[in-house]
Every structure is written in structure tokens, then in C-alpha cells.
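Q: Okay, here's the structure, questions in a sec.
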Amino acid sequence: MSLQAFSASRALSIGVELELQLVNTHDYDLVGAAEDLLRLVALGDKPGEIKPEMTDSMIEVSTGVCDNYGMLLEQLVGLRDTVAEAARKLNIGICGGGTHPFQDWGERRIVDRPRFHHLSDLYGYLAKQFTVFGQHVHVGCPGADVALYLLHGLSRYIPHLIALSAASPFVQGHDTGFQSARLNSVFAFPLSGRAPFVETWNDFGAYFEKMTGTGVVASMKDFYWDIRPKPEFGTVEVRVMDTPLSLERAAAITAYIQALARYLVVERPIQPAEDDYLVYTFNRFQACRFGYAGTYVDPETHWHCPIADEIDASLTRIEQHAIELGVDPVLGRLRQAVREGRNGAAWLRERHAAEGNLPEVVMAQCTRWMEGEVV
């Protein structure tokens, strides 16, 4: 099977997918209400798209193609309002967060779609354990080789994005000690982790043909990489973020990614190399485990520093690009959150310490999702 041609798209356009939790309003456990909710939202006009995910206690909302932060935020608010209205009619709650704090994966049900059944047959219990919730960001690219440069350039910022979005400290009723435990579930899948180091679409096509030739891969959907090209959309898709606790944080993280992408494409500050990935898994783990306090190792200089310091430095590097995109105030607030150690994982632990039980935490998550926040 040959790799499809890369569809050119508007450079630096953005789009977001958010996987959301559906919970009952009795004990705030997950509830299998996706089909009922989707039936309700199908009756009205809505921005973007709302669709099922692997199990019936989750949905995915997706924006359309957006040129800027303002357009993106407007679409996200519209999607939130749409699903909130349907949720109220069903007496269910909706919230962000990378994992549900105490759900039992064995109670989940696979959504009745051919691809989901195929994945369940292939991966067994891992499919139900994949009831975790992430944010995916697409960045438009004018060509395939630019997309691969952007993929490798953004790979240096994976720990930054994990720490900023981390919102999954609790799993199966226990504090895991991680900031983002969600990515441990993703890492269990074959063909997860980093993409291969290729710099041209011809070379990527050769790699793809080798993989399909083994019978292991049938399409690009079979790659669960942290960042992957999406040739049908003409984008690079960044997939490492937990779903934040508010759509405002989700939009701010997207603005950060867009500014990083502009910096990389316009300035070409790095020459990607295979050796960049020597510290990739270490940096990824440090961000998942310790968040802002984790250690970041620079791929080129091998300098060690806290991830928080490197995020701060990156915001300085891309400042002019943030100004050009009109998101400098948004990223300024994001910088302040980093300096104060604020992310979803910290908030969830604070709520648990204050409330004393996890159902109260989930109830607070639902309120936070609906009321929003100033990032």
C-alpha cells in the first residue's frame, strides 16, 4: 500500500480535538451515555464535530480549521455549550482531565463501531483501559517536507506540552505519583512513542511501504505516535496532551503550539538529527512523572534544567511570533501559571486534599469545565 499524497493546507492554521468524560451526577463515576448524548446533539446546528470514542463513557469534540486563537476559542465555547445543553437534558456531567480518578476499566463498554470492535479484538483489555482523555492539536503545513521538519522540531517540546496539560494524577482510586498517568496507558500500545527520523516525504513513503509490507500497519491511523503527520488534512498532529480541566487552558496550549510552529518554520533555528531523540524518552518520562519539576535535557547541548525553566525560556524565544499571532497576552498568562506551578494535576491534588474524596473532585471538575477559568 502506498502512502497518500500530502494535502497542502493553510500554513499555521490550527484545529483541536478534545476527548471528554461523561459522568453521572449521583456518584460522579463514568456513565455509558455517549450514544444518547450524540443523538441529542445531532438534532441541532453546532460548530465543528462531536463524535464517539472507544468506549461509551467518552466523546470527542473537534473544531474546524481555525486561523487564529480567537476563532479557535469561539468554536470551543460553541462546542461546550452544545454538549452542555444535551448533558443537562440527560442529567449527566461533562469534564476534562486525562483520566477519570476512580473508574473501573472493566466496567467500560466498547462503542458499537467496526473500527472500535477491531481494536478491541486486536488489543484485548488495553482497549477498555484506553478510556483516557487527551487533547490533539493539528497545525497546517504548506507541504510535506515542512510537516516533517515541524514534527521533529516540535518533538523537542513534548515535555513542555505534557507538563502544561498534565491532569491525570489519579488512576483506579489511587494517586499514582505522576502528573500525567494517562500517557502510561498510551505507551502500552505498539507503534506509540516517537516517529521515525525521516526528513522527506519520499523517505517517509518508503518507511510506510515497509511497514504496510509487514502486515502490521494498514493506514496512518495505526501509528499512535506522540506527533504524527496527517496527510489527508495537510497537518502535523500533536497528541501528548491530557485534556485540560478547562477549554481556556486547551486554547492557550494550542496558541503556544502555533507560536512554536511559527518560530520553527520561519526561523529554522535547528537542524533535526537522529541524535535529538537520545534524550526523548527520558524527557518525556520526567514530564509525565514530575511535571514542571522534572528534568529537561537539551538534545544538542545536553544541559540539564527544570522543565519549568525551559518552558519559560521557550516563551522568551517565541515572544515575537506570539506578538505577530496576537497571542502574547495569552502566553503571558500561561507563563505566570508555570511560574506559580499551576496545572491540572496540582489543582486535582489540591481539591482532593480539601474535599477528602474523589467523587467530590470529579464534581468540581465538571463545574470548572462549565465555568471556565482565566489561564
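The values are calculated or read from the model by the stated rules, or taken from the named source; none is laboratory data. Treat the numbers as computed from the prediction; the structure is a model and nothing was measured. Virtual Cβ from ideal backbone geometry, glycine too; neighbours counted across all protein chains shown. What goes into the accessible areas is simple: the full protein's heavy atoms, side chains included, and nothing from ligands, DNA or RNA. Shrake-Rupley method; radii C 1.70, N 1.55, O 1.52, S 1.80 Å.
Q: Output the number of the condition that Pro231 fails; it satisfies all remaining conditions of (1) open to solvent by less than 20 Å² (accessible area, probe 1.4 Å); (2) more than 20 Å from Thr131 (Cα to Cα); (3) in contact with a strand residue (DSSP E or B) (Cβ under 7 Å, 6 or more places away or on another chain).
A: That leaves (3) as the condition not met.
Q: Somewhere in region 269-285, is a residue crowded, with 22+ Cβ neighbours inside 10 Å and touching a residue at least 24 places away in the same chain (Cβ under 8 Å)?
A: yes
Q: Taking region 275-297, which residues are assigned to a strand (DSSP E or B) and of a type in the set (S, T, N, Q)?
A: Within region 275-297, just Thr295 meets the criteria.
Q: Kindly state which helices (runs of 4 or more DSSP H) lie completely within region 66-174 and contain at least 2 residues that are farther than 21 Å from Phe187 by Cβ, modelled with pLDDT of 95 or more and of a type in the set (A, V, I, L, M, F, W, C).
A: 69-90, 144-155
Q: Which number in (1) over 17 Å from His138 (Cβ atoms); (2) touching a residue at least 24 places away in the same chain (Cβ under 8 Å); (3) among the small types (Gly, Ala, Ser) marks the one condition that Ala42 misses?
A: (2)
Q: Identify the residue in region 1-33 that is among the acidic types (Asp, Glu) and out of contact with any helix residue (DSSP H, G or I) (no Cβ under 7 Å at 6 or more places or on another chain) and, among all such residues, is farthest from Cys95 (Cα to Cα).
A: For region 1-33, the residue satisfying everything is Glu17.
Q: Name the helices (runs of 4 or more DSSP H) wholly inside region 298-375 in which the number of residues that are under 19 Å from Gln286 (Cα atoms) and in contact (Cβ under 8 Å) with a residue 24 or more places away in the chain is 1 or more.
A: By residue number, 307-317, 328-339, 344-355.
Q: Out of Ser168, Ser120, which single residue is under 23 Å from Thr55 (Cα atoms), touching a helix residue (DSSP H, G or I) at 6+ places or on another chain (Cβ under 6 Å) and open to solvent by 20 Å² or more (accessible area, probe 1.4 Å)?
A: Ser120
Q: Take region 56-68 and flag every residue that is open to solvent by less than 40 Å² (accessible area, probe 1.4 Å) and either closer than 23 Å to Ala252 by Cβ or touching a strand residue (DSSP E or B) at 6+ places or on another chain (Cβ under 6 Å) (or both).
A: Across region 56-68, the qualifying residues are Ser57, Met58, Ile59, Glu60, Val61, Ser62, Thr63, Gly64, Cys66.
Q: Go through the residues of region 178-188 one by one and say whether even a single one is open to solvent by less than 10 Å² (accessible area, probe 1.4 Å), in a helix (DSSP H, G or I), of a type in the set (A, V, I, L, M, F, W, C) and at pLDDT below 95.
A: Yes, region 178-188 has at least one match.
Q: For region 345-374, enumerate the residues that are small (Gly, Ala, Ser), under 23 Å from the mean Cα position of the chain (by Cα) and modelled with pLDDT under 95.
A: Once the filter is applied, which keeps residues that are small (Gly, Ala, Ser), under 23 Å from the mean Cα position of the chain (by Cα) and modelled with pLDDT under 95, region 345-374 yields only Gly372.
Q: Within region 193-216, can you find the residues that are within 15 Å of Arg284 (Cα to Cα) and either touching a Leu at 6+ places or on another chain (Cβ under 9 Å) or open to solvent by 50 Å² or more (accessible area, probe 1.4 Å) (or both)?
A: Result: Arg194, Ala195.
Q: Using beta carbons and a limit of 8 Å, which pairs, at least six apart or on different chains, have the first residue in region 159-177 and at negative phi and the second one surrounded by fewer than 18 Cβ atoms within 10 Å (Cβ to Cβ) and in a strand (DSSP E or B)?
A: Pro169/Asp175
Q: Which of the residues that make up region 286-297 are touching a helix residue (DSSP H, G or I) at 6+ places or on another chain (Cβ under 8 Å), of a type outside the set (Gly, Ala, Ser) and touching a residue at least 60 places away in the same chain (Cβ under 8 Å)?
A: Gln286, Cys288, Phe290, Tyr292, Tyr296
Q: Here is a list: Val266, Val327. Which entry is under 20 Å from Val137 (Cβ atoms) and surrounded by fewer than 17 Cβ atoms within 10 Å (Cβ to Cβ)?
A: Of Val266, Val327, the one residue that is under 20 Å from Val137 (Cβ atoms) and surrounded by fewer than 17 Cβ atoms within 10 Å (Cβ to Cβ) is Val266.
Q: Determine, yes or no, whether Gln21 is open to solvent by 40 Å² or more (accessible area, probe 1.4 Å) and either polar (S, T, N, Q) or touching a Phe, Trp or Tyr at 6+ places or on another chain (Cβ under 6 Å) (or both).
A: So Gln21 fails the test.
Q: Please state which of the following conditions Thr295 fails to meet, knowing it meets all the rest: (1) at pLDDT 95 or above; (2) open to solvent by less than 40 Å² (accessible area, probe 1.4 Å).
A: (2)
Q: List every residue pair whose Cβ atoms sit under 8 Å apart, with the two residues 6 or more apart in sequence or on different chains, where the first one lies in region 82-110 and is surrounded by fewer than 19 Cβ atoms within 10 Å (Cβ to Cβ) and the second, anywhere, is small (Gly, Ala, Ser) and assigned to a helix (DSSP H, G or I).
A: Every condition considered, the pairs that remain are Ile110/Ser120; Ile110/Ala127.
Q: Which of the following residues is part of a loop (DSSP other than H, G, I, E, B), open to solvent by 20 Å² or more (accessible area, probe 1.4 Å) and touching a strand residue (DSSP E or B) at 6+ places or on another chain (Cβ under 7 Å): Ser9, Ser2?
A: Ser9
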